[in-house]
Structures are given as structure tokens and as C-alpha cells.
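Single-structure report; data block below.
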Amino acid sequence: MEYLPSLQQEFDELKPSLFELLAEQQLSDLLPPSIRYILAVATHRHPRYLLRVLNSYDEVYALLSLIVERYYLRNFGGSFTENFYSLKRERVLLTKNGEIPRAQLGAPGPVRDSLKLRTADVWKNLLIMVGIPYLKRKLDEGYDIHAAPQASLIMSGGPRYNPSDDLPPHPTVRQRLMHAYKWFLRNVYPSVNAAYYFSILAFNLAYLFDNTKYSSPFLWLIGTRIRRLSSADHHAIAKILDGKPQNPRGARARPGSGLLGLLSPQNTYPQLLTSLRYFLPASIFALKFLEWWHASDFSRQLARKATDTLDIPAPITKGMIPPSERKPKPSQKQDPQSPKSALKSSSSPRKRIQPPISASSYLPIFTVPLPPPDSDAASSCPVCLNPLTNPTACQTGYVYCYVCIFHWLNGDHQRQIDFMNGDSAGAAWQDDSGDGEEGDEAKTPKQGKNREGKWESGKGRCPVTGRRVLGGTEGLRRVLI
């Protein structure tokens, strides 16, 4: 007789606490905006197919919710989110206090069958689970459109009369209904909305202090209350999920009961809706994992470690051949006494390109010119003027040798050092990029002319355009040829 103390103390272990009900209600209220957000993101990628669904989201969600909730009420005794919290809905008997504790302990199976929701009770619960929230969302949306702007103007001392709200001389039925709808939103709906929330608050307080069996006024109107799942409920749900009606020995299987029968609509529909029981906790876990992943520093540390293992160490180069020491190709050799060479030597110096100016220091940036597209050096590196070795693309789209662009972004390329120190090799390159000097000094600059504080060496910038490369050497990409 272990149940006697519980009966004397009137303790009901199947009655859920108010906090369980509030948690279930919050989860149920979070589903519509979450699905709307996912649909809005998907609509940006496929507007042709999803724009109409997004515009009629309330109606589509109400229809889908009606199908899902009806299935869960008929098979599991509760709504989709209530089943997640191991809750159910049952009828209230017309007995004293509506409780039968002895029968509940002695015969839980028959009690469950007698308290199970009937067809009329299922539709009543669907009305308060789907119909009332849908109507509430539409009224809130209409109030925000038609009544909230006028109320804000009145509170701020603005105009109180809007001629467009009056009926025309000969209004149609639609205009009359729209006028009555706006009048209801502005004059009646605020009081109805306040009464709605105050009634829910009153029933919650009464339920908290065990003065009523109903946590909502709508449950009181239809005579339904929310309970925890009992052992009999768990056994019945387990039979629904796992058990299948077995054919007696010797009985023939019905046509279509094999593999093709599992894919039939009458079997696919329950399996699809039942799988939602596992999709909800999985989605909650995935959401919490993503929140932790983006909020913690673990993702950045993991990405940094992954990039460290993939990074190639700084290359080692034997040196670079300056253009003045390069041997010309046999096709480029000319007779010094030919008229072409004499004409070339007597021609004016080539035109220099104006270097880019830094937006922060207002100093010219040392850059290198591109090889002519119709020359043999078109496929060479603009920095070292040699054939490309291990081609690497910069963010600006130009391709260089990996060794050259790596040292250039770090600011320790020999061409940069020579230019900033004013050495002979840097002077030859200075003539190509344009130093801003004129006359013969531009062709043969003086040795040891330091350009620190007058020029930028191009560190961290593209050698051709002078634009800054985001991420430094990590922003480089290898080119597969």
C-alpha cells in the first residue's frame, strides 16, 4: 500500500509544473519566426519558387501545422512540442474534482483509453492550437499596419483626423468591411488584446497555486487539461513507433506489403511526421552548437592551426639576375652600326609611368611595370623578369613567382631594398617605374641616394598596382598550370 501516503497528501505526480508548460509554450512560439527566417534566407537564392510561399507564410504555416498537430494529437495525445516535453492532453471527467487516483494506479490502461481525446476533442484542441494563434498573428499584423502609426501620431501630438479613413459616398461591400476592420483594430482590439493576456496570466497564477486544473482559459472552455505521460502512455507510444500488426501464421500478406508497400503514401505519411520527433531535438542541438562555435575562440584557433599546417615555409632563393646583367637573346642582338640601333640610341628617353600615391602617407609607391603583351617576356614575372616559377596569383589578379611575391609582401625583396637604398640595380628599375626625377639624373641616379621617408617600398602591396593585399602572404593563391 505504498500509494496511500500519496493519496492522503493529494499529490499528483502526473500534473506538470507551470515552468514545464511555459517552456513548452516558448518553444512553440519560437517555431513560426524561426521557419520564416530560414524561408526568407532561402528565398534570396530561389525567389522564383519561394517568393509566393513567403508572402503567404501565415496561411502555409497554419495548414502544415494543422496536418502535423492533428497527427500528433490522434497518435501521441499531445501537440508536436508537448510530445517533446513528454506531455499530453486528456479530457476532464465529470466527477468530483475530476480525479480518479485509485483507478489511475490500479488500471492505467483503461483509464488512459477513457481519458483519450475523441474526434471532437481533437478538433477543439486544433482550434485553440492552430486557429487562435493564426488569428492573433493576423490581428497583430493588421494593428501594426493600420492602427499603430495613427496611435503614435496621437501620442506625439500629431493629427487626429485622417480623411482617407472615411467611407466614400457610395462604398462597396469590401470598402465597408475594410472600414469596420480598421475601426475594430483602433477601438476594440487593444482592449481585447489586454483581456487575452490578463486572462492567461490569471489562469497561470491559479494553476501555480493549485487552484485550477487548466493552465489556459481556452483549455478550460473545451474541457481539456495537460498532463505528463504515464507508463501506459509510453507503452502505447512504443507500440506505435516500433510495433507492427503481425499476420497470423499461414495468412497471406496483403498485396503491396513488401518493399514497395513501405514507399506507399499511406506508409510514407506517418513515417515522415513521426520523424519530426527526432528532427526537433537534433535541430536544437545543432543551433546551440553553432552558437557556441561562433561565440567561442575554439573555431578561430582550429582554423589558425589548420592554416599553419598548410603554410609553406619562406622560400630560399639564390639571388636574382638584374636586367642590366641579363644576356640578350640571339634574336634581340643587333648590329651597333645598323641604322636601327643608331636611331634607337638617338631617340628620346622612354616615358615614365606616374607612380600611385598612398592614401595614408601621401607618398609615391614603388611599383613595377608589366612586360609588353606582344613581347617574349609576356609570360615572365613582372618582379624578377624571369620565367614564372611556381606561379602565384595576387588578389589583384596578377601572377608572380611565389618567391618574388612572398618577399615583396614582406618588404624584403632585393629589388625593393635596392630601390630604397638607391643602389645601381635599384636605379635601373627606378627608371622603369618612374622616380619623379627628370633629365639625365633619372637615367643615371647618384649612388647612395636614400629614399626612406620619400617613397613607400610597396610592402604589403601588389607590385604592379600598388594596392594593399588583404591578409598579406595568406591571401596568395597558387595557380595550377
**Message:** Going residue by residue through segment 445-459, is there one that turns out to be out of contact with any Lys or Arg (no Cβ under 6 Å at 6 or more places or on another chain), open to solvent by less than 40 Å² (accessible area, probe 1.4 Å), closer than 23 Å to V479 by Cα and modelled with pLDDT under 80?
**Reply:** no
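In segment 377-395, which residues are touching a residue at least 12 places away in the same chain (Cβ under 8 Å) and open to solvent by 50 Å² or more (accessible area, probe 1.4 Å)?
Those that are touching a residue at least 12 places away in the same chain (Cβ under 8 Å) and open to solvent by 50 Å² or more (accessible area, probe 1.4 Å): L388, T389, N390, Q395.
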**Wholly enclosed helices (runs of 4 or more DSSP H) of segment 30-96 bearing at least 1 residues closer than 29 Å to T212 by Cβ** = 57-76, 80-84
**Pair list, Cβ < 6 Å and 6+ apart or interchain, from segment 28-46 residues that are under 15 Å from S283 (Cβ atoms) to residues that are open to solvent by less than 60 Å² (accessible area, probe 1.4 Å) and not hydroxyl-bearing (S, T, Y)** = L39/L54
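Restricted to segment 89-98, and to residues that are in contact with a Leu (Cβ under 8 Å, 6 or more places away or on another chain) and open to solvent by 20 Å² or more (accessible area, probe 1.4 Å), which residue is modelled with the lowest pLDDT? Even if it seems obvious, please write down each step before you answer.
Within segment 89-98, the subset in contact with a Leu (Cβ under 8 Å, 6 or more places away or on another chain) is 89-91, 93.
Subset that is open to solvent by 20 Å² or more (accessible area, probe 1.4 Å): 89, 91, 93.
Values: R89: 92, R91: 89, L93: 77.
Ranking the candidates gives L93 first.
Quickly run through segment 200-213 and pick out the residues that are touching a residue at least 24 places away in the same chain (Cβ under 8 Å) and of a type in the set (F, W, Y). Walk me through how you get there before you give the answer.
Within segment 200-213, the subset touching a residue at least 24 places away in the same chain (Cβ under 8 Å) is 204, 207-208, 213.
Answer for segment 200-213, where residues must be touching a residue at least 24 places away in the same chain (Cβ under 8 Å) and of a type in the set (F, W, Y): just Y207.
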**Asked** Residues of segment 396-424 being in contact (Cβ under 8 Å) with a residue 12 or more places away in the chain and part of a loop (DSSP other than H, G, I, E, B), which ones?
**Response** T396, Y398, G411, H413, G422, D423
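Considering only residues that are loosely packed, with under 14 Cβ neighbours inside 10 Å and within 20 Å of I67 (Cβ to Cβ), which ones fall in segment 110-122? Talk me through it step by step, then tell me what you get.
Initial filter on segment 110-122 (loosely packed, with under 14 Cβ neighbours inside 10 Å): 110, 113-114, 118-120.
R118, T119, A120, listed by residue number.
Would segment 243-253 turn up any residue that is modelled with pLDDT of 80 or more and exposed (fewer than 14 other Cβ atoms within 10 Å of the Cβ)? Lay out the reasoning, then the answer.
Quick first cut of segment 243-253, residues modelled with pLDDT of 80 or more only: none.
No.
The values are calculated or read from the model by the stated rules, or taken from the named source; none is laboratory data. Since the model is a prediction, treat every value here as computed from it, not as a measurement. So basically every Cβ, Gly included, is an ideal-geometry build from the backbone, and we count neighbours across all protein chains shown. These accessible areas exclude ligands, DNA and RNA; they are computed on the full protein's heavy atoms, side chains included. Shrake-Rupley method; radii C 1.70, N 1.55, O 1.52, S 1.80 Å.
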